[in-house]
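Engineer: This is the structure I have questions about; it appears just below.
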Amino acid sequence: MTALLVAGALCARSNSSFAQSTPQRPKILGLAHIALFAHDMDQSRKFYSEFLGFEEVYPLKNPDGSLSMSFFKVNDHQYIELSPEKQPDTDRLSHISFETDNIEALRAYLASKGVKVPDQAKPVRVGNLAFNITDPAGHTVEMVQYMPEGETEKNYGKHLGPNRISTHMTHVGIIVSDLEPEYKFYTEVLGFKETWRGSSNGTVLSWINLKAPDSDDYVELMLNKPEPAPTKRGTAHHLCLVVPNVNQAVAKLKATSYMKVYSKDIDIHLGKNRKQQANLFDPDGTRTEVMEPTTIDGKPTPPSSAPPPQ
């Protein structure tokens, strides 16, 4: 009996040591930004500033003085990043980014899960700490912690002008052709939770919404098999801005001077999720979805039971 008790104690101590040596996932606080490539920076900057009303903050310059990157502030924690394209006729999505409260703990946690990570998080040009990983679908995902010396925290409460069409980016959409590894990565590794899935035609699954573990922000897996050509991804690779009332938001957009150059109709419609929404397209065709936060009757929309595309 004594031997069994000793063995049990040693086993419990061993299990406890193993648990202590396994890194815990720190908080993932929601979407930090979506980064896009632009063919014509001046025209794209006008779309996000003059049309959507976001203030452009701390642009970064190349050594020759040309614009390297610019940021459009949605709120104190969320931005739209814009950079000149590296090549024409390529995917407009550069990367998506999530905020954490402990970048080194997140790096260690991801490494323990077999995710390829750098040796350490490094300062980015605006003073925050960040590192990149690649999800199973090949998308670059940046993890970032805002630092006291960084431009993000130093500008809390600033550049939040009244012309913003929205004060919150609720989700980003990314193309996925092979669902299983992508789904496992976001749910089993990052801790996201499925909240809804929908179908555009009722027969094949089109979208799966996965909510960040410590936020209501989510990533929308856009199921496309085969994947669209690089120049045809702007509808699937998208960002979504929540607004209290889509009709009022569209009226505000139509009152801007940018409508003189915006050549597309703005169609207000009811989405498959039964939320009022409208789609806008930047000069490169990347979609900005403007959507109300609740369904038309306040009741949840049942998820689709359609199978994923084969």
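The values are calculated or read from the model by the stated rules, or taken from the named source; none is laboratory data. It should be emphasised that the depicted structure is a prediction, and the values quoted were computed from it without experimental measurement. FYI the Cβ positions are ideal-geometry reconstructions off the backbone, even for glycines, and counts take in every protein chain you see. When the accessible area is computed, the model is the full protein with side chains, heavy atoms only, and any ligands, DNA or RNA have been set aside. Shrake-Rupley method; radii C 1.70, N 1.55, O 1.52, S 1.80 Å.
Engineer: Tell me, in nm to one decimal, what length is gained between residue 272 and residue 113 on full extension, where the rule is 0.36 nm per residue of separation less the Cα-Cα distance?
Structural biologist: 53.7 nm
Engineer: In Å and from the alpha-carbon atoms only, list the Rg and Dmax of the chain.
Structural biologist: That works out to 21.5, 86 Å for Rg and Dmax.
Engineer: Still on this structure, I have one more. For the stretch 124-220, give the percent of accessible area contributed by carbon and sulfur heavy atoms, probe 1.4 Å, rounded to a whole number.
Structural biologist: Carbon and sulfur: 47 percent of the exposed surface of the stretch 124-220.
Engineer: Still on this structure: Select from the chain the helices, each a whole stretch of DSSP H, whose alpha-carbon atoms run 15 Å or more along the helix axis and whose Kyte-Doolittle mean is at least -1.0; answer none if there are none.
Structural biologist: Going by DSSP H runs, the hits are 2-21.
Engineer: Can you put 231, 22, 187 in order of accessible area, largest first, using a 1.4 Å probe?
Structural biologist: Ranked from most to least accessible, the order is 231, 22, 187.
Engineer: For the stretch 176-273, please report how many Lys pairs fall under 18 Å Cα to Cα, leaving out neighbours fewer than 8 apart on the same chain.
Structural biologist: 7
Engineer: For residue 171, what charge total do you get from the other residues with a beta carbon under 11 Å from its beta carbon, if Lys and Arg give +1 and Asp and Glu give -1?
Structural biologist: Working: positive: 211; negative: 216, 217, 220, 289.
Once positives and negatives cancel, what remains is -3.
Engineer: Return one whole number: the accessible area per residue of the chain in Å², for a 1.4 Å probe.
Structural biologist: Each residue of the chain exposes 49 Å² on average to a 1.4 Å probe.
Engineer: Label residue 22 and residue 295 with points 7 Å out from Cα along Cα→Cβ: what is the distance between them in nm?
Structural biologist: That separation, rounded to one decimal, is 3.7 nm.
Engineer: Students often get this wrong: which residues of the stretch 117-139 have the backbone nitrogen under 16 Å from the point 7 angstrom along Cα-to-C-beta of residue 177?
Structural biologist: Hits in the stretch 117-139 for residue 177 at 16 Å: 135-139.
Engineer: Scan the chain and report its longest stretch carrying no trypsin sites (Lys or Arg not before Pro) that are both in a DSSP loop and have at most 12 other Cβ atoms within 10 Å.
Structural biologist: Details: sites that count: 86, 116, 125, 158, 264.
That would be 159-263.
Engineer: Can you tally the net charge around residue 301? Count Lys and Arg as +1, Asp and Glu as -1, for every other residue whose Cβ sits under 11 Å from the Cβ of residue 301.
Structural biologist: Working: positive: 197, 272, 274, 275, 299; negative: 297.
Summing Lys/Arg as +1 and Asp/Glu as -1 gives +4.
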